[in-house]
Amino acid sequence: MGRKSISHIRKPEILRHTYKVVEEEGFKGMTIGKIAKRMGVNSGLLIHYFKSKEGLIMEMVDYLYESSMNHYIKELEVMTSPRERLESLLDILFDTSGTRPQRDAVFWSCYAMGFRDEKIREKITGVMVRFIEFGVEEMEGWEETGLVTVADK
């Protein structure tokens, strides 16, 4: 009988620590060694789960954008009023205050890396497409309730 996999616990833990290191030092300052030291583990553990620094960065991008999208969707799903959902979505989309935890320096650093790295750009695009699809569904609901009128279809 083999060991029970705990990757579903370990990987998110590693990604949370990676996030903190990137938040403090940026992606250029991020190393497997710094993350391992922060966690109090051997760097081999990180390589076991992510194979390389590039693999860790790719999963970090997934983690960050997926958790951001999930956060926004959960924020909207608790609202029952179509008007409240509309106002909240507009706040999410057009917030420039920088106070949303999901839109911090790490978020924008990942976004900027997408201009130079095709794989990262594809990951970000995939998440954005899903968020747009969610927004379109929301808009269709607003139209059904008469909250908005869509002239162009």
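A few points about this structure:
- As a calculated quantity, the FRET efficiency between M139 and N70 at R0 = 22 Å, using C-beta atoms, amounts to about 0.65.
- Estimated dipole of the chain in Debye, rounded to 20 [Cβ of Lys and Arg +1, of Asp and Glu -1, Cα centre]: 1320
- Positive-pole candidate from S7, I73, W108, dipole of the stretch 1-119, charges at beta carbon: S7
- Per-residue ellipticity at 222 nm computed for the chain from its helices equals -25000 deg cm²/dmol, with DSSP H segments shorter than 4 residues left out and the rest contributing -39,500 (n - 2.57).
- Taking I120, I47, I6 and counting other C-beta atoms within 10 Å, the order from fewest to most: I6, I47, I120
- Fully extending the segment from D91 to L45 would add 12.5 nm, taking 0.36 nm per residue of separation and subtracting the current Cα-Cα distance.
- Total formal charge among the other residues, if their Cβ is under 13 angstrom from that of E144, Lys/Arg +1 and Asp/Glu -1: -3
- Derived scalar couplings ³J(HN,Hα) [the stretch 15-32; Karplus, 6.51 cos²θ - 1.76 cosθ + 1.60; whole Hz; x for Gly, Pro]: 5, 5, 5, 4, 4, 5, 5, 5, 4, 7, 10, x, 5, 5, x, 6, 9, 4
- Site pair A151 and R16 shows an inter-label distance of 5.0 nm when each label is modelled 7 Å from Cα along Cα→Cβ.
- Loop trypsin sites (Lys or Arg not before Pro), the stretch 66-146 (other Cβ atoms within 10 Å of the site Cβ: 16 or fewer; DSSP): R103, R116
- Note on the chain: with a GNM built from Cα contacts shorter than 10 Å, the maximum mean-square fluctuation among V136, V22, V61 falls on V136.
- Computing FRET efficiency as 1/(1 + (r/R0)^6) for I6 and E77, where r is the C-beta to C-beta distance and R0 is 35 Å, gives about 0.70.
- Structure-derived Kirkwood radius over Cα pairs in Å - corresponding label in (1) 17.6; (2) 16.4; (3) 23.3: (1)
None of the figures in this text is laboratory data; all of them are computed from the coordinates on show. All values derive from a computational prediction rather than experimental measurement. Every residue, glycine among them, receives a Cβ derived from its backbone with ideal geometry; neighbour counts consider all protein chains shown.
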